[in-house]
Amino acid sequence: MLFNSYAFIFAFLPVMLIGYFWLLRQRLIMGSKIWLVGGSLFFYGYWSVVYIPLLLSSILVNFFVGSAIATSSIEPTVHSSLTKSLNRIPNKALLIFGIVFNVGLLVYFKYTDFFLENFNGIFASNIPLPHIVLPLGISFFTFTQIAFLVDAYKKEVKEYDFLHYMLFVTYFPHLLAGPILHHKEMMPQFANKWNFSIRWRNIAVGLFLFSIGLFKKVVIADTFAQWATMGFDGVAVLNFFEAWATSLSYTLQLYFDFSGYTDMAIGMSLMFNIRLPINFNSPYKARDIQDFWRRWHITLSRFLRDYIYIPLGGNKVSRLHNYLNLFTVFLVGGIWHGASWMFVIWGALHGIAIVIHRIWKDLGLRMWGWLGWFITFNFVNMAWVFFRSKDWPMAQNVLSGMIGLNGIVLPDALASRLGFLEKYSVEFGLILSQIGGPSKYAAMLLFLGAILYIKNSNEMASEFVGSLKNKIFVSLLLFAGITLLARHSEFLYFRF
């Protein structure tokens, strides 16, 4: 079930809200939590019931392993016989088992075909590919549970109720595409009695954020998606302007798609009085690559920092070792996104960029802010080409066009003044002849300007008041989004 669908907006979400707060009003606190868990499992199973057993099995294994780790120093008589048995195993061994279990699930479902395909290519073998269907959300609920296990090992998990844990993992606003949550930041909210009644301001702010996210996805992202798809998948050779139109279309599509999903997730969760962590903070305003990753997919960056970078030694090692740690973290981040050499290249590029940035800082060098933004944005835009491309030839087509190797076409109107450039392989005609007209550039400039100069949704939500102006604003966004729901498409990060 998509957030941007009639079934979700007009049936699932209202029914979940009404049922949840009715149960709370009847003082059926446990019943309200069971309602959320049941609804979340229905939401997940709406895609494919086949993978509900996988999700439940993952939850069971991680809960018992994590609770055994967290309660190893507590009187064992208060726990289940399974937990007491697990308590006899050293915590470190339990942690390693839990991490291997989660990573093993991820590797099997996400990377089996990739490994076999490359094995066949290297050794000229012919092992048949199983073509395993990737369960939705597996990358997110495995990372969420790995974080739980590590937090339990650090004794940062304060409670280990099975129903609460199920709610923590399955909670539908974040289940399929994040944010990646910490147990300790969610459980107190589900137990807070002040969250057990309707908070009309939360409903209003949540609807405000939801409407912004819906508009971003359905109106903006899906429009840019058509242009990006035409350029990446539909044109054999892209000239200079077509290649830039293609790359920028995807750069903007990805931003509005993922930030739109996050706004919708945070907004609908706030309606239940549960605050999800902010996942975007105007990343295209970043003036260096480190700042970009502090703003883009913030919870993934936090996970990679806390559970990979710091355990590797972080910055408490030699400079060379630190640079290797930084590169490794971003390489892992690239591989996490998908089973393709394009994601490996994308992660490696960001790893190289972050190492160069760290060397620059270590040398005490500085840069003008505007130049730092220009370099950062264009690097990110170029790297997204690999993120979007299915293979090397597709990426090569776009990148070759962006640097002018596929030809440069200037408007006919400039032929009289710049005709001498023809001897340098410059042509004159329609600069976007294969994928549209100048209106695309106007749209790109408009929305890029909005990203850079207008307050982001988090800032607007923090200042929200129930004024007539905002009521009209929300109504218009919802009307525009709902009007275009018929062309709804899945969110990009559902694939990861």
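Of note:
- Output for the range 5-41, where each listed residue is more than 24 Å from Leu55 (Cβ to Cβ) and outside any helix (DSSP H, G or I): Gln26, Arg27, Leu28
- Tyr165 vs. criteria hydroxyl-bearing (Ser, Thr, Tyr), over 29 Å from Ala450 (Cβ atoms) and surrounded by 22 or more Cβ atoms within 10 Å (Cβ to Cβ): yes
- Index of the failed condition, Asp291 passing every other in (1) open to solvent by less than 40 Å² (accessible area, probe 1.4 Å); (2) closer than 26 Å to Tyr153 by Cβ: (2)
- Checking Pro411 against (1) open to solvent by less than 60 Å² (accessible area, probe 1.4 Å); (2) in contact with a Phe, Trp or Tyr (Cβ under 9 Å, 6 or more places away or on another chain); (3) modelled with pLDDT of 95 or more, the condition it does not meet: (3)
- Residue in the range 368-384 that is more than 35 Å from the chain's Cα centre (by Cα) and loosely packed, with under 13 Cβ neighbours inside 10 Å present: no
- Unique residue being of a type in the set (A, V, I, L, M) and either closer than 30 Å to Ser57 by Cα or surrounded by fewer than 17 Cβ atoms within 10 Å (Cβ to Cβ) (or both) when the list is Ala225, Ala204, Ala177, Ala221: Ala177
- Restricting the range 295-328 to residues that are charged (D, E, K, R) and open to solvent by 40 Å² or more (accessible area, probe 1.4 Å), the residue that is modelled with the lowest pLDDT is Lys316.
- For the range 334-347, taking the residues that are open to solvent by 20 Å² or more (accessible area, probe 1.4 Å) and of a type in the set (Gly, Ala, Ser), the one that is modelled with the lowest pLDDT is identified as Ala339.
- If you go through the range 269-288 and pick out every residue that is open to solvent by less than 10 Å² (accessible area, probe 1.4 Å), more than 29 Å from Leu167 (Cα to Cα) and over 17 Å from the mean Cα position of the chain (by Cα), you end up with 1.
- Test for Leu270: is it in a helix (DSSP H, G or I), over 20 Å from Pro179 (Cα atoms) and not basic (Lys, Arg): no
- Failed item, numbered, when Asn118 is tested on (1) at pLDDT below 90; (2) part of a helix (DSSP H, G or I): (1)
- Taking the range 447-477 as the range and being polar (S, T, N, Q) and under 21 Å from the mean Cα position of the chain (by Cα) as the test, the residues that pass are Asn456, Ser457, Asn458.
- Residues that are within 29 Å of the chain's Cα centre (by Cα) and surrounded by fewer than 19 Cβ atoms within 10 Å (Cβ to Cβ), drawn from the range 20-34: Ile34
- Hey, Asn381 in contact with a helix residue (DSSP H, G or I) (Cβ under 7 Å, 6 or more places away or on another chain), in contact (Cβ under 8 Å) with a residue 40 or more places away in the chain, polar (S, T, N, Q) and farther than 30 Å from Arg295 by Cβ or not: no
- Residue match in the range 141-152 (condition: farther than 30 Å from Phe114 by Cβ and open to solvent by 10 Å² or more (accessible area, probe 1.4 Å)): no
- Cβ-Cβ distances below 7 Å connect the following pairs, each with a first residue in the range 120-137 that is over 22 Å from Tyr46 (Cα atoms) and loosely packed, with under 10 Cβ neighbours inside 10 Å, a second residue that is modelled with pLDDT of 85 or more and not small (Gly, Ala, Ser), and a separation of six or more residues or different chains: Ser125/Phe119; Asn126/Asn120.
- For the range 291-333, filtering for residues that are among the polar types (S, T, N, Q) and farther than 15 Å from Ile352 by Cα leaves 4.
- Selected residue (only one of Leu331, Leu399 is open to solvent by 20 Å² or more (accessible area, probe 1.4 Å), of a type in the set (A, V, I, L, M, F, W, C) and without any contact (Cβ under 8 Å) to a residue 24 or more places away in the chain): Leu331
- Residues in the range 29-40 that are out of contact with any Phe, Trp or Tyr (no Cβ under 9 Å at 6 or more places or on another chain) and hydrophobic (A, V, I, L, M, F, W, C): Met30, Ile34.
- Complete set of residues in the range 228-241 that are in a helix (DSSP H, G or I) and either under 26 Å from Asn273 (Cα atoms) or open to solvent by 30 Å² or more (accessible area, probe 1.4 Å) (or both): Thr229, Met230, Asp233, Gly234, Phe240, Phe241
The values are calculated or read from the model by the stated rules, or taken from the named source; none is laboratory data. What you see is a predicted model; the values in this text were computed from it and never measured. Every residue, glycine among them, receives a Cβ derived from its backbone with ideal geometry; neighbour counts consider all protein chains shown. Please note that ligands, DNA and RNA were not included when accessible areas were found on the heavy atoms of the full protein model with its side chains. Shrake-Rupley method; radii C 1.70, N 1.55, O 1.52, S 1.80 Å.
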